[in-house]
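Some notes on the structure that comes next.
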């Protein structure tokens, strides 16, 4: 006889108070946990939104400029410049010898009183010079120019923003000054083409991103021309040809490691190898492009390998079976089929390279470059580096310009990623 | 003719070679009888490659060598005797004369430079002509050699494919070359650095002030402990305190709770966080987060020593940047846990959150830990956020509201500004770079090992 049979267990009574409380507590914990998760997602997304809103709200003004109306009477001014002088070959020399800056300043003082010179930007006379160069006949009469306002007047145009700085007496004076000028119709605000067409400057009212953008484009061109072919060829070799041996392992390990190396290390490499050993010019687009190409190549290799791997073996076998050689299989079937994947990976790698700053700082692309680079070896800077340089400026007028440049960079990156996603969705094949 | 134009000329010749070789083999092919071994296009490629490769290789070598030859012949000319002996002036004048000679400069500043222009022009013309002639001879010789070998039974395809094979192999060797280049350049400069500063001081010293080092002796100002500590404080502690909970909880919510539509929207949104350039985060940290953190610390917490370049501002922003990284790693590892484990737990009556906390997360823990290690390695190598938002002062402090500096900040600091390459300051940057490289590499190897073993456990 089994004497030690287990005593029949009482069924749990789920209706007791204790049990009900327990279940409630467990459901509460469930809800709480779910809420934590939601909170984490919302917080992360909220941070992104906050970042974008901050950049857009402070950067939107960077695309605009404030202008002041200044009548200049050239005939009565002490600008000893004759239209005839500007007709010949010596026009540039004559223009640079003339004190246009002084004339513009005194015209502003004449129009707006003692501090009139402080209302216009220090570099605004360049506009007058260019106008004279285009039409020397201006010198014979009086002409009204819209000149870039100084940072101070521009701050006045913002009105009382309620910040501590806006309460300063000189800022308050400028605000009322602006209001008076606005009533008189002597100031205007508008879209600033300068910002899109000019280059770096020490004066925030005159800066533009074109120089940096062009430097970025040149750098990216070098990067693409090097990283894309090398990356694709490496991916093809590793997927289709590489024998299983130690060499292949070394190549694979180095590529995977390169993909994880911090970008600043590539800057050190570029400095030591391209600049010190090969004596390539400092702060040139070609060095930046070479450095970023080394950084981008592993990304393309990894994306390319995945794309090639996803082409089913049946396609290879079919082509081989009707007599194609391995290169023909590759060129006629495998590469065309994996191209969308490779291109997606390339665009993602390129967009990372476009936003990269640290390696470019190390190879000297942080130089002050006031003219757009004409070639690969000219001193250049890149858009992210320009943002970094402007963020270091003390002049408060640079804040909105920095944010505006960031908006341009983000738009460019968004466009690239959009194209990558579109490519992936359009051509993605499931086998 | 510039090297660029020559390149296009050779490329054009190669196209002509391709077309004519194709035509030749088509014409030679008997109307009846055995077919040619290779398709006509392969004969074309064979000729084009023979035509272009030797010529272009020569062109590359020549464009590296010829500036040196030009300079030598200019220095040998009588006009060069007037050059000053000081190397810097000499180089400047030579560069100016070169710019004048190739037309990129219109007016001379130095008399000596103007005197050298004819010599330069002559040398450039002479060596340029040699380059052009030699390139073209090579192109024609290679093309003719290949062209004459073409016959219907010539195995052109096999030869072209062998070239393709070599090109593929060469391309993949560039990855090895890059790795070797990184290791070699870092090691080489680091060894030079440790020739000047003792390695013990560098690794264990607590005083870092390279700016004062250049004036007097090097000893005593290259102790890197404060940098290592700052890097760990910002990248491995503060950033992870932000990134691990947020990333993990986001991953759990999006994979286990969210409706598919929410998931398909929120996942890309979180991934945007990883795509924002770091310079933007840095600017945001410096402009918005850092002042807010300082005001908070001073006004609410009463920390009077709070700096506007606090560790916490940089760390928090870096943590936000890392969120999608942690989240996607956690996502992958949770997805890799077999569904049976989850179903078993749910069938026993556990709620969702209990299943997640007691079954899924513990089972996925190795993968999550691996992901966190990868995130740490990315955080400590991150540069721009800390350059813009963290400070320069090498403080050894645990107070997150004070300013600390990191390895990457110091690399940037040491290498920008005055640029003689031999000073201990620049060499120190390479030593720091080597430390960074080794640490991130080790973290990656360990992390990938952990993740791999974890995957195998469930396969």
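Structure data summary
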item	result
Filter pass, residue A:132 being touching a helix residue (DSSP H, G or I) at 6+ places or on another chain (Cβ under 6 Å), more than 30 Å from residue A:371 (Cβ to Cβ) and part of a helix (DSSP H, G or I)	no
Residue match in the stretch A:392-400 (condition: in contact with a helix residue (DSSP H, G or I) (Cβ under 7 Å, 6 or more places away or on another chain), under 24 Å from residue A:193 (Cα atoms), assigned to a helix (DSSP H, G or I) and facing chain B (nearest Cβ under 9 Å))	yes
Test result for residue A:57, touching a helix residue (DSSP H, G or I) at 6+ places or on another chain (Cβ under 9 Å), within 12 Å of another protein chain (Cβ to nearest Cβ) and surrounded by 12 or more Cβ atoms within 10 Å (Cβ to Cβ)	no
Those residues of the stretch B:307-343 which are surrounded by fewer than 24 Cβ atoms within 10 Å (Cβ to Cβ) and assigned to a loop (DSSP other than H, G, I, E, B), in sequence order	B:307, B:308, B:309, B:337, B:338
Single residue of B:49, B:59 found to be surrounded by 15 or more Cβ atoms within 10 Å (Cβ to Cβ), under 22 Å from residue B:158 (Cβ atoms) and within 39 Å of the chain's Cα centre (by Cα)	B:49
Every residue from the stretch A:123-144 that is touching a residue at least 40 places away in the same chain (Cβ under 8 Å), crowded, with 20+ Cβ neighbours inside 10 Å and within 30 Å of residue A:175 (Cα to Cα)	A:124, A:128
Selected residue (only one of B:440, B:405 is surrounded by 20 or more Cβ atoms within 10 Å (Cβ to Cβ), under 24 Å from residue B:322 (Cβ atoms) and more than 19 Å from the chain's Cα centre (by Cα))	B:405
Failed condition for residue A:327, given (1) within 28 Å of residue B:441 (Cα to Cα); (2) within 8 Å of chain B (Cβ to nearest Cβ); (3) at pLDDT below 90	(1)
Among the candidates A:236, A:207, A:187, residue that is at the interface with chain B (Cβ under 9 Å from one of its Cβ atoms), surrounded by 22 or more Cβ atoms within 10 Å (Cβ to Cβ) and more than 28 Å from residue B:375 (Cα to Cα)	A:236
Residue in the stretch A:336-345 that is part of a helix (DSSP H, G or I), within 13 Å of chain B (Cβ to nearest Cβ) and at pLDDT 90 or above present	no
Matching residues, the stretch B:156-180, being surrounded by fewer than 19 Cβ atoms within 10 Å (Cβ to Cβ) and under 26 Å from the mean Cα position of the chain (by Cα)	B:166, B:167, B:169, B:170, B:173, B:176, B:177, B:180
Among the candidates A:94, A:108, residue that is in a helix (DSSP H, G or I) and over 15 Å from residue A:187 (Cα atoms)	A:94
Residue satisfying condition, being within 11 Å of chain B (Cβ to nearest Cβ), out of contact with any strand residue (DSSP E or B) (no Cβ under 7 Å at 6 or more places or on another chain) and surrounded by fewer than 18 Cβ atoms within 10 Å (Cβ to Cβ), within set A:364, A:355, A:375	A:375
Positions within the stretch B:184-206 being closer than 16 Å to residue A:277 by Cβ, out of contact with any helix residue (DSSP H, G or I) (no Cβ under 6 Å at 6 or more places or on another chain) and buried (at least 16 other Cβ atoms within 10 Å of the Cβ), in sequence order	none
Search result, residues across the stretch B:153-176 that are within 17 Å of residue A:243 (Cα to Cα) and more than 7 Å from chain A (Cβ to nearest Cβ)	B:162, B:166, B:170, B:173
Residue match in the stretch A:306-319 (condition: surrounded by 23 or more Cβ atoms within 10 Å (Cβ to Cβ) and either part of a helix (DSSP H, G or I) or within 12 Å of chain B (Cβ to nearest Cβ) (or both))	yes
Residue satisfying all of: in the stretch B:254-277; more than 14 Å from residue B:323 (Cα to Cα) and facing another protein chain (nearest Cβ under 7 Å); surrounded by the fewest Cβ atoms within 10 Å (Cβ to Cβ) among these	B:257
Top-ranked residue in the stretch A:246-260 [being in contact (Cβ under 8 Å) with a residue 24 or more places away in the chain and in contact with a helix residue (DSSP H, G or I) (Cβ under 7 Å, 6 or more places away or on another chain); ranked as farthest from the other protein chains (Cβ to nearest Cβ)]	A:259
Any hit, the stretch B:242-254, residues being over 29 Å from the mean Cα position of the chain (by Cα), free of Cβ contacts under 8 Å to residues at least 24 places away in the same chain, within 23 Å of residue A:35 (Cβ to Cβ) and not in a helix (DSSP H, G or I)	no
Test result for residue B:242, within 14 Å of another protein chain (Cβ to nearest Cβ) and more than 30 Å from residue B:190 (Cβ to Cβ)	yes
Enumeration of residues in the stretch A:266-286 that are touching a residue at least 12 places away in the same chain (Cβ under 8 Å) and crowded, with 21+ Cβ neighbours inside 10 Å	A:266, A:267, A:268, A:269, A:270, A:271, A:274, A:275, A:283, A:284, A:285
Residue check, residue A:360 in contact with a helix residue (DSSP H, G or I) (Cβ under 9 Å, 6 or more places away or on another chain), part of a helix (DSSP H, G or I) and in contact (Cβ under 8 Å) with a residue 12 or more places away in the chain	yes
Leading residue by the ranking (nearest to the other protein chains (Cβ to nearest Cβ)) among those in the stretch A:261-300 that are closer than 19 Å to residue B:411 by Cβ and in a loop (DSSP other than H, G, I, E, B)	A:262
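Condition check ((1) at pLDDT 75 or above; (2) under 30 Å from residue B:288 (Cα atoms)) across all residues:
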position	(1), (2)
A:7	no, no
A:36	yes, yes
A:53	yes, yes
A:65	yes, yes
A:71	yes, no
A:112	yes, no
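The values are calculated or read from the model by the stated rules, or taken from the named source; none is laboratory data. Small disclaimer: the values here were computed from a predicted structure and weren't measured. Cβ coordinates were reconstructed from backbone atoms using ideal geometry, including for glycine residues, and neighbour counts include every protein chain displayed.
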